[in-house]
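The block underneath contains the structure these notes are about, expressed in structure tokens.
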Amino acid sequence: MAIPRDSMRDMLERSRFAIRWGGALGLLCHPIYYVVWTYILPQPYDNLLLRLSAAAVCVPLLFQARWPKRYNPALLIYWHCCLIYVLPFVCTFLTVRNGFSTMWMMTEVMMIFILALCIDNPLLLMTCIGIGVFSGGLAGVLSAPEPIVLSAQDKSNLALLPVVVLCSMAFSHAISKGRIFVEKNRALQALAGSIAHEMRNPLSQLRHVLDRVEEALPSSTDRGAVPTLTDGMASLMYNHLAQGQLSIERGLRIIAMTLDEVSAKSIRPDSLAYLQAGATTRKALAEYGFENDTERAKVSLVVKRDFVFKVDETVYLFTLFNLIKNALHHIVAYPQATLTLIVDRDAVIVRDTGPGIAPEILQHLFEPFRTAGNAGGTGLGLAYCQRAMRAFGGSIDCQSEVGKFTAFTLRFPPVAADEVAEHERRLFERAMPAFKGKRVLVVDDDDTLRARTRRVLTKAGAYVSEASGGELALATLRRAALYDLVLMDISMPGMDGYTTTERIRAERDCPNRNVLIVAYTAEPGNAVRLRARRAGMDEIIGKTSNVQELITAVQALFDNGARHHPGELPEGFAGRTFVIADDDTYSRLVAKAYLERCGASVIEADHGQAVLRKLQEDGFIDAILMDVNMLGMSGIDTTKSIRARTDAYATLPVIALTSHSELEAVQTCLAAGMNEVLIKPVQPGSLYACLARQFGKRGARLADATEEIAQKVGATAPTDSAAMPVASAEAVSAPVPAHPAPVIAEENLLDEPHLEELASLDLLDESFLNGIETIRSLVARLAVHSAADDIKATHVDLHALLGVSGNIGAKALHGYTRQIYPRVIDGEWPAETDWLVQIHALGARSTDALQRYHAAAKGERDHRDALSD
């Protein structure tokens, strides 16, 4: 019966207690029973030599803890051979020679159940009983002085033995199941304890990071001012965020390692890769989450003779993390103790000068659920290390001397140079389809590194260009040729990699704006990851990467997507063309910028006649965003003209843009044939959802739409805005009664969420400043036209002010203008006697607040650029 090596190892660990006590009982009981059955309760037959030999074979079992580990399989075989000889063979032999007496038959039954206690595998139990009983019975018959004759009583007693054997097998199976249940329960308890214990450290680190971030955040004493970060504070924030990210990654690794060990998850052979031992071990130190700089200073790396090994990098890092963690835990009470990682000819040694490990603990060190000197530990870590090294085809052992040192040695199977060369050849063959025809730009001020990288990528089939700095890279990428990848050095003189990447992403006309950009750096990954992502980089590759790591990382980028996918709005309107009709230039600019970010093409028009002319030109228009109160031909009249057409444009979606949220104004838009109504200032999310809905129901017939509009007009005010068949960015409200405007608090002057949307669209630019000046100009013109009693010119000015104030984020000014505007539309002056004073005051305060907001946003942007420099 073949038993797998892992099963033999588990069986031996389960049997160690039984081996130790079985050896002791066998050594004592056989001589004692010989004295009892010979002199105290004399029996017909006993054999001193047999008893002494049975006791003698038990002696080696007493010293099983000292057996060399390489003889452990032999120990398990010896244990079962001892059981066969000491119990079924001896007992059956003596039972036969004593004529199957009742007392010896009872001994035989007791022997079977004792054997069931020692062997928890039913099939193995039956095999051992069969071999021992048969050989013992045969020996008894052959050595008897006269033939053995069985009486009827003897036959009846013997007939019960098979039943006893079956009962013992059931007993053995029950014991096995009970042990498995106990072990599973223990494993689950250990799992919970291990995760709770091991996660305490990274979670504490994360809490520490958040505390430091809170301390580093600037406080704002001026309610309207935007807080700014100094260079030192910003750098500190990046470091804290990187440490927090590292703590989270370390916690996830601990959970993965613990779950893998408890579930005995196997390591797949196809995950093994050829790596440099020195570089991979250095990476482990770079990524390990040290508590503080003092702890890091205790650890050093010495590379004597570097070598190539074949490992799963993540598993190898886990293994080193566990050894480093254990060592640091035990040397914490020894201020002078150090930890050294030594790479030397097919071995990596983790050696500390701490308290050492006692010999009695050393021999059980790699057993699961064994722990010493760590009250919170569960003993899973070193068992994981041993299993990992076996998966690599290597081994792990420990030497220690109490009070002097502890050294864990990881030994790896040698890897021949021919094997590595063949692996690289196959690697390039597999990579060729992904790299073939790809254009790669390598940006680095190091000529040697550029040449090395170029040779590797060219060998894989890529076309490689070089740039020695950021300015040259920008000039190269501005050309018409499309690149597939940029390997960007971060630390370059002049324009560094962060700034270069930000400028590439910011240039809308650059054909390579969305090219994949990879940070190619020698700095630790966690130190640069956050800044790289903020700058617009897609991935990080270390300059210390070997050929395989470089090719594998770049190939993964090509396989996952050929272009950069910024964290922006989805390009859900790619291929569609929209017309934006508004007499306010800034309103058109905001909507255009957003829709272009969504992939659409945008045509601008400043009045209704321009819209109708666009419909006569070549090309197809998918939808129109129409301001209702345009000067000249209004949006209402333009929509009616479109609905009167007989071509395909008669059913074109038209979205009304208006500053009037009254129900009557909304129903007027719907009655004219507009599909939906959006209240200014329009939020990007509402605009996107509104257009998406229109394209979802574009196939509806005009007759159905007309009937629906008629129902809307005839309906009373809705009880639930969600039930309205129109989409509005704001809730439809009743007209605002005329009354003096209350004093507006400073924090209520601006629409900050809207301003943040403008910042995300890169619209806090020169046009934003022009909008501020437009408000000042309109306020001044209102004073002139009001003094001249010119209601029509005042109507034009208020209309323009209503649009620009809403789109530029002057919330209070927009709200007050909307309050007084309805009477002006009807040709009457506002009922508020101080309306002009209020407009002037709100205009001055709003423009000053907008100017401060723009300066703060520009300062934050300039600060980030300066920090990159």
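Readers should treat all values here as calculations from the given coordinates under stated rules, not as data from a laboratory. The model shown is predicted, which means the values in this text are computed figures rather than measured ones. A quick note on method: Cβ atoms are made from the backbone with ideal geometry, for glycine too, and the neighbour counts reach across all protein chains shown.
My understanding is that a pair violates if its Cα-Cα distance is over 24 Å; which of K283/K438; K438/K592; K614/K640; K310/K543; K304/K543; K310/K438 do that in this structure?
Numbers: K283/K438 30 Å; K438/K592 34 Å; K614/K640 16 Å; K310/K543 21 Å; K304/K543 21 Å; K310/K438 30 Å.
Beyond 24 Å between Cα atoms: K283/K438; K438/K592; K310/K438.
For a paramagnetic label modelled on R305 (point 7 Å from Cα along Cα→Cβ), amide N atoms under 20 Å away belong, within region 385-410, to 394-397, 408-410.
Ordering T406, T500 from the fewest to the most neighbouring beta carbons within 10 Å gives T406, T500.
The amide H of L301, built 1.01 Å from its N in the peptide plane, has L341 as neighbours under 5 Å, considering only residues 5 or more places off or on other chains. As a calculated quantity, the FRET efficiency between F63 and S135 at R0 = 22 Å, using C-beta atoms, amounts to about 0.25.
Our estimate of slack between K792 and C29, defined as 0.36 nm per intervening residue step minus the Cα-Cα distance, is 262.6 nm. The local environment of V443, defined by Cβ-Cβ distances under 10 Å, has a net charge of -3 under the rule Lys, Arg +1 and Asp, Glu -1.
Quote the relative contact order of region 422-560 in percent (integer), defining contacts as alpha-carbon pairs under 8 Å separated by 6+ residues. All intermediate terms of the calculation are to be shown ahead of the outcome.
On the way: 228 pairs, mean separation 31.3, N = 139.
Computed over region 422-560, the figure is 23 percent.
In sequence order, region 622-634 has phi-based couplings of 8, 6, 10, 9, 10, 5, 6, 9, 6, 5, x, 7, 6 Hz under the Karplus curve 6.51 cos²θ - 1.76 cosθ + 1.60, θ = phi - 60°, and Gly or Pro positions carry x.
Projecting the Cα atoms of H799, H785, T774 onto the charge dipole of region 746-868 (Cβ charges, centred on the Cα centre) puts H785 farthest toward the positive pole.
Give, in nm to one decimal, the length gained when the segment between A279 and V415 is fully stretched (0.36 nm per residue of separation minus the Cα-Cα distance).
Result for the pair: 47.3 nm of gain on full extension.
Residues H754, H80, ranked from the fewest to the most other C-beta atoms within 10 Å, line up as H80, H754.
Calculated FRET efficiency, I40 to L161, Cβ-Cβ distance, R0 = 30 Å: about 0.65 to the nearest 0.05.
Evaluating 6.51 cos²θ - 1.76 cosθ + 1.60 at θ = phi - 60° for every residue in region 403-415, the Karplus couplings come out as x, 10, 6, 9, 9, 9, 10, 9, 9, 10, x, x, 10 Hz, glycine and proline recorded as x.
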